[in-house]
Amino acid sequence: MGRASFVSGGRTVRKFPFVVGSSYNVPFLLDAPGQGNRARGDIFRCDDRMMASLDRFERVPDFYHRRVEQVEADSGEVLECSLYVLPKFKPELLLERMLENWTMEDKSLKRFVERHERKLDIQKVIDEVRDRE
């Protein structure tokens, strides 16, 4: 699976739409830079094996795309980091509430349905959020 170690919290230098979508309430970073907010998250240093594992988990390139963006660490240092973005999304996702941060504990959002709880496979999520054009 590979190795990863926590580096810092951080947020993207550019704004991105960070929304919750699908009937499973999955968080998505939409590939529409310049819209939304500076997305907050955790920065990890990952070896190549971990990146390959994450790519498989995130279904790169069939569902998400991984790309490098500048992220400002909590210290103020700007780092080059990989982000997973949803490249072909339904336009109505841009009408959803734009988040800066997402956690499973955020009670203001609908409850995230974890993969092991879903009755259908990931294809349902893909069909609900991907634009087929």
Open item on the list: Here is a check on your reading of the model: is LYS110 touching a residue at least 12 places away in the same chain (Cβ under 8 Å), charged (D, E, K, R), more than 17 Å from VAL7 (Cβ to Cβ) and touching a helix residue (DSSP H, G or I) at 6+ places or on another chain (Cβ under 8 Å)?
Closed with: no
TODO: Please state which of the following conditions ASP131 fails to meet, knowing it meets all the rest: (1) more than 25 Å from ALA4 (Cβ to Cβ); (2) surrounded by 14 or more Cβ atoms within 10 Å (Cβ to Cβ); (3) in contact with a helix residue (DSSP H, G or I) (Cβ under 8 Å, 6 or more places away or on another chain).
DONE: (2)
- [ ] Please find, among ALA4, ALA32, ALA39, the residue that is of a type in the set (A, V, I, L, M, F, W, C) and under 11 Å from the mean Cα position of the chain (by Cα).
- [x] ALA39
Open item on the list: Can you pull out every residue in segment 1-31 that is within 15 Å of MET98 (Cβ to Cβ) and either out of contact with any helix residue (DSSP H, G or I) (no Cβ under 7 Å at 6 or more places or on another chain) or among the hydroxyl-bearing types (Ser, Thr, Tyr) (or both)?
Closed with: ARG11, THR12, ARG14, LYS15, PHE16, PHE18, VAL20, PRO27, LEU29, ASP31
TODO: Search segment 38-56 for residues being in contact (Cβ under 8 Å) with a residue 40 or more places away in the chain and acidic (Asp, Glu), and hand back the single one that is nearest to GLY76 (Cα to Cα).
DONE: ASP47
Task: Residue check for ILE122: surrounded by 13 or more Cβ atoms within 10 Å (Cβ to Cβ), farther than 14 Å from PHE16 by Cα and at pLDDT 95 or above - done: no
Task: Filtered residue count, segment 42-68, keeping only those that are acidic (Asp, Glu) and under 13 Å from the mean Cα position of the chain (by Cα) - done: 3
Open item on the list: Residue pairs, Cβ under 6 Å, 6 or more apart or interchain, first in segment 1-15 and without any contact (Cβ under 8 Å) to a residue 40 or more places away in the chain, second surrounded by 12 or more Cβ atoms within 10 Å (Cβ to Cβ) and among the hydrophobic types (A, V, I, L, M, F, W, C). List them.
Closed with: PHE6/PHE44
Task: Residue that is nearest to VAL85 (Cα to Cα), among those in segment 12-36 that are modelled with pLDDT of 95 or more and surrounded by fewer than 18 Cβ atoms within 10 Å (Cβ to Cβ) - done: ASP31
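The values are calculated or read from the model by the stated rules, or taken from the named source; none is laboratory data. Computed from a predicted model, the values in this text were never measured in an experiment. Cβ: placed from backbone, ideal geometry, glycine included. Neighbour counts: every protein chain shown.
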